Amino acid sequence: MKRLHGAFICARYSTDNQNPDSIEVQVQKCTAWCNQNDMPILGVFADEAVSGMKDTRPQYSAMMEQLRMGLADTVVIYDQSRMFRKMTAWFAFRDELSAMGVKVISVTQPAIGKDLRDPMNFVTEGSMALFNQMHALITRQKVMEKMRFMARNGQHTGGKPALGYQVVDGKLEVCEAEAAIVRRIFSEYAAGCSYREIIAGLNRDGLKTKRGNSFGTNSLHDLLKNEKYIGTIVYGAMPYREDGTRNTHSKDGTDVVRLEDAIPAIIDKDLFDKVQEKMKINKRQQGGRPAERRAYPLKGKVFCAECKSAMTVSISQQKYFYYKCSGKKRTHQCSASPISVDQLEDIVVDIVRQCLGSRENVDSLIKILNEQREKIVGGAVSTLQNLINERAMVCQKLDNAANAILSGLSSQTLSAKVAELERQKDVIDSQIRSLKSTVDATAMPDDRLREILEICLSESDKEAILSIVARVEVGEDRIDVWTILDTDPDGEIDFDQTGLTKTPGFPSGVPSIIVTAQFIRLVTQRKAPPG
């Protein structure tokens, strides 16, 4: 791959207090280096307020994608720590750049970016990377100790305070207007109200969460479990991952700070304990999600036509299965009715079979598949020829290098060039094999295509029919179905001289990998369930 000559500047800082290594200073120093060395600047990628222990950063990822496309041959950084403070991430970055033939330059550390196959260069970069990671770990340890000290002294440890509290002089105090909402929720739940009833009342009265959102089941559950409301501060229950983020699904109790009566209570302990016991009883009584007793071919594809939320499988009386609107379950602001899993699958199967089952439509579908095959083969021919030409050039360079070595002109640079040419040849050979496999996969006779379509539309293979469905929207009086073909939403498959009619756009929720395909949108009237 021929790369554009020029540099990408990559910068990062993790807090607002990192002068003189701020983004502006880093970019300024890197720009000055590029100007002094006549290096064109092809892009600037800067991640702000992101830990150097993370190797998944938006701007960094964008830069790497462009490097993989050959859009620069050099990466310029301020210093190693601004790139990564994680030793393994630094060397993974260096390995990938080396494989791509991209140089890395540190404007404040000339030792960075040299050939890592030299033991001294490897030790130098490795030592610097090790000290960078040690610095990050020591800093984190100091921060954690400070946070624990604050927690032990009843101080607020950061973040948005819970509903009912406000921060005054570094400590949590009761906000009476919000505390009234908290007391109402605890009292109603203790009195026997369900989540649905409580949420409906809160939304009816226009009451919001601390972030200004409507209440949902998750926010209500977290509120009812929060020990702050009885005056107890718990810090460190959720351990930190290596990159500094908290693992909310792991609560091992290691190094936890627990301080009772540290802040003003909003709920008395008797009421809190009553609510916790009731939550345990309700959890045991709930059926929860249905067991995987059967396959759900439409799972993940069913959406509410009213609010566009996903519809998930729920169970009633341990034997009746329904698709229910998850938006209605969370906020109770959607009026969509549930629909039986079996009923929905039968409806979708019937309409797809009805529209795709005629001989004329099967013939038209095969025609379209053949047209697509011809496009694939036609494009593959030119691509294959380009790959063959490129391979011939690489082989010629390898022959020249081999002749030079045989004549006694061997050197470390020449050996490295030979290794790079061998790598390029292997990549080209792999691309040629992949291209041939793609072309071979399209070489399916029409009779076999017809046989596969007939199997998919057979009475006995419901899952095969549903496998071509991309999305289902369930409304009160109609059901819309999208498949991986294309038509106007009129319930018919419309063909023209060039293939299927294009639809102007696709609904949200369709997987992006399918959006590139063609679509059929089918519409049917929703029938009321028997009885």
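Coordinate-derived values only; no laboratory data. On a predicted model such as this, the values are computed, not experimentally measured, just so you know. Every residue, glycine among them, receives a Cβ derived from its backbone with ideal geometry; neighbour counts consider all protein chains shown.
Extension gain Ile388-Leu4, at 0.36 nm per residue separation less the Cα-Cα distance, in nm?
Details: separation 384, 0.36 × 384 = 138.24 nm, distance 2.27 nm.
Contour length minus the Cα-Cα distance gives 136.0 nm.
Here are some pairs, Lys208/Lys299; Lys2/Lys114; Lys375/Lys462; which of them have Cα atoms lying more than 26 Å apart in this structure? Can you show the working numbers first?
Details: Lys208/Lys299 32 Å; Lys2/Lys114 22 Å; Lys375/Lys462 31 Å.
Checking Cα-Cα distances, Lys208/Lys299; Lys375/Lys462 exceed 26 Å.
Find how much the distance from Ile432 to Ser467 grows on full extension, using 0.36 nm per residue of separation minus their present alpha carbon separation; answer in nm with one decimal.
Roughly 9.5 nm would be gained on extension.
Step through the residues of segment 99-104 one at a time and calculate ³J(HN,Hα) from phi using the Karplus curve (6.51 cos²θ - 1.76 cosθ + 1.60, θ = phi - 60°), rounding each to whole Hz and writing x for Gly and Pro.
Along segment 99-104, the couplings run 5, 7, x, 9, 8, 10 Hz.
Restricting things to alpha carbons, tell me how big segment 7-136 is in terms of Rg and Dmax, in Å.
13.6, 38
Contour minus end-to-end for Asp222 and Lys425, with contour as 0.36 nm per residue of separation and end-to-end as the Cα-Cα distance?
Result: 67.4 nm gained on full extension.
Using the Cβ atoms and a cut-off under 14 Å, what net charge is assigned to the surroundings of His5, where Lys and Arg are +1 and Asp and Glu are -1?
+1
Please give the net charge around Ala162, taking every other residue with its beta carbon less than 13 angstrom from that of Ala162, where Lys and Arg add +1 and Asp and Glu add -1. Provide the component values of the computation, followed by the final result.
Details: positive: Lys160, Lys210, Arg211, Lys225, Lys228; negative: Glu173, Glu178, Asp222, Glu227.
Taking every other residue near Ala162 into account, the sum is +1.
Between their Cα atoms, which of Lys225/Lys280; Lys160/Lys228; Lys225/Lys278; Lys160/Lys308 are more than 18 Å away from each other?
Working: Lys225/Lys280 11 Å; Lys160/Lys228 13 Å; Lys225/Lys278 11 Å; Lys160/Lys308 30 Å.
Distance filter (> 18 Å) returns Lys160/Lys308.
What is the spin-label model distance, in nm, from Ser337 to Cys307 if the labels are put 7 Å beyond Cα along the C-beta direction?
Modelled inter-label distance: 1.8 nm.
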